[in-house]
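One structure is given here, and the rest of the page talks about it.
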Amino acid sequence: MSDLKVTLIQSQLHWENIAANIGMFDEKINGISEHTEVVFLPEMFSTGFSMRPEKLAETMEGSAVQWMKQKAAEKKIIITGSLIIKENGQYLNRLVWMLPNGTMGTYDKRHLFGYAGEHEQYQAGDKRLIAQVKGWKICLNICYDLRFPVWARNSIAADTNAPAYDVLVYVANWPERRNTAWKALLQARAIENQCYVIGVNRVGNDGNDIYHSGETSLIDPMGEIIYQQSHNEDIFTYTLDRNRLEEVRKNIPFLKDADKFQIL
């Protein structure tokens with residue numbers, strides 16, 4: 001397994017304006033000057049964290065997903081982020097993992113943010129998505145999922161004797177007023193799961209005048225903060241080091257001692 005180059009985009013979002021957000025992220029991705037392989041966008045990157053899916057939801061054939069497909073093919077990269085989708089009469093906060101060949105994986109947010117009424121507007125998912133690229137296994141999550149460690153728990157597979165995943169990802173619209181929890185829990189998830197953790201958040205005020213300070217982060221398997229950006233828009237590219245990951249797991253092999261359980 002070789003190293004993996006990833007890019008994290010921390011950005012303001014145009015409130016409930018799909019076309020403006022697609023245009024903005026198109027420009028930002030065009031502006032990435034160095035080689036990258038996976039680009040991470042925030043939660044609901046095409047609209048902001050809106051509770052008006054009846055106005056904003058698109059199908060999987062809609063403009064935002066089609067843009068992801070076209071851009072991934074054009075740049076020969078993987079693009080991932082979540083957006084509002086309507087499917088089978090239900091609204092979903094759905095993360096799309098889009099490959100350059102048009103193949104995609106999806107993850108519907110498991111833990112809906114009841115404090116904002118998300119559970120009243122959207123249908124919860126019940127399946128994890130662990131994507132693979134260049135031998136790396138990447139577990140994909142959305143925002144509020146971060147508060148529930150059991151859902152993200154890494155484990156040793158009996159058939160391969162290897163951890164279930166290598167990188168844990170959270171795309172988010174996480175407000176500044178709770179950013180202490182955001183930063184602490186991202187670091188905790190890296191330490192307890194012996195993996196890289198990526199948290200991609202937005203910045204700026206949303207349509208409800210809630211401020212987001214970002215703190216988009218990249219954390220190594222020992223919990224060391226590689227990158228953390230506050231308040232400003234930023235695009236950060238970094239090479240995930242496979243040797244570093246394997247060294248940590250070899251020298252401190254505590255995942256094999258973890259409790260065994262199943263999520264019902």
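The values are calculated or read from the model by the stated rules, or taken from the named source; none is laboratory data. All of these numbers come straight from a predicted model, not from anything done at the bench. Here the Cβ is made from the backbone with ideal geometry for all residues, glycine too, and neighbour counts use every protein chain on show.
Table for the structure above
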{"quantity": "Restricting the stretch 114-132 to residues that are part of a loop (DSSP other than H, G, I, E, B) and within 16 Å of the chain's Cα centre (by Cα), the residue that is nearest to residue 4 (Cα to Cα)", "calculated": "128"}
{"quantity": "Residues of the stretch 21-53 classified as farther than 18 Å from residue 236 by Cα and in contact with a Leu (Cβ under 9 Å, 6 or more places away or on another chain), total", "calculated": "8"}
{"quantity": "Criterion violated by residue 176 - all others in (1) among the acidic types (Asp, Glu); (2) under 18 Å from residue 80 (Cα atoms); (3) touching a His at 6+ places or on another chain (Cβ under 9 Å) satisfied", "calculated": "(2)"}
{"quantity": "Residue match in the stretch 93-109 (condition: of a type outside the set (Gly, Ala, Ser), closer than 22 Å to residue 233 by Cα and not in a helix (DSSP H, G or I))", "calculated": "yes"}
{"quantity": "Long-range neighbours under 6 Å by Cβ, at least six apart or interchain, first residue part of a helix (DSSP H, G or I) within the stretch 249-264, second at pLDDT below 95 and aliphatic (A, V, I, L, M)", "calculated": "255/156; 256/156"}
{"quantity": "Test: residue in the stretch 122-132 that is surrounded by fewer than 22 Cβ atoms within 10 Å (Cβ to Cβ) and modelled with pLDDT under 95", "calculated": "no"}
{"quantity": "Residues that are of a type outside the set (Asp, Glu), part of a strand (DSSP E or B) and crowded, with 20+ Cβ neighbours inside 10 Å, drawn from the stretch 214-243", "calculated": "214, 216, 217, 218, 219, 240"}
{"quantity": "From the options 40, 45, residue that is aromatic (Phe, Trp, Tyr), closer than 30 Å to residue 220 by Cβ and out of contact with any helix residue (DSSP H, G or I) (no Cβ under 8 Å at 6 or more places or on another chain)", "calculated": "40"}
{"quantity": "Sole residue being under 16 Å from residue 197 (Cβ atoms) and either of a type in the set (S, T, N, Q) or crowded, with 23+ Cβ neighbours inside 10 Å (or both), chosen from 146, 83", "calculated": "146"}
{"quantity": "Complete set of residues in the stretch 153-177 that are free of Cβ contacts under 8 Å to residues at least 40 places away in the same chain, outside any strand (DSSP E or B) and surrounded by 15 or more Cβ atoms within 10 Å (Cβ to Cβ)", "calculated": "164, 165, 175, 176"}
{"quantity": "Residue under evaluation residue 208, criteria (1) over 20 Å from residue 136 (Cα atoms); (2) of a type outside the set (Ser, Thr, Tyr); (3) not in a loop (DSSP other than H, G, I, E, B), criterion not met", "calculated": "(3)"}
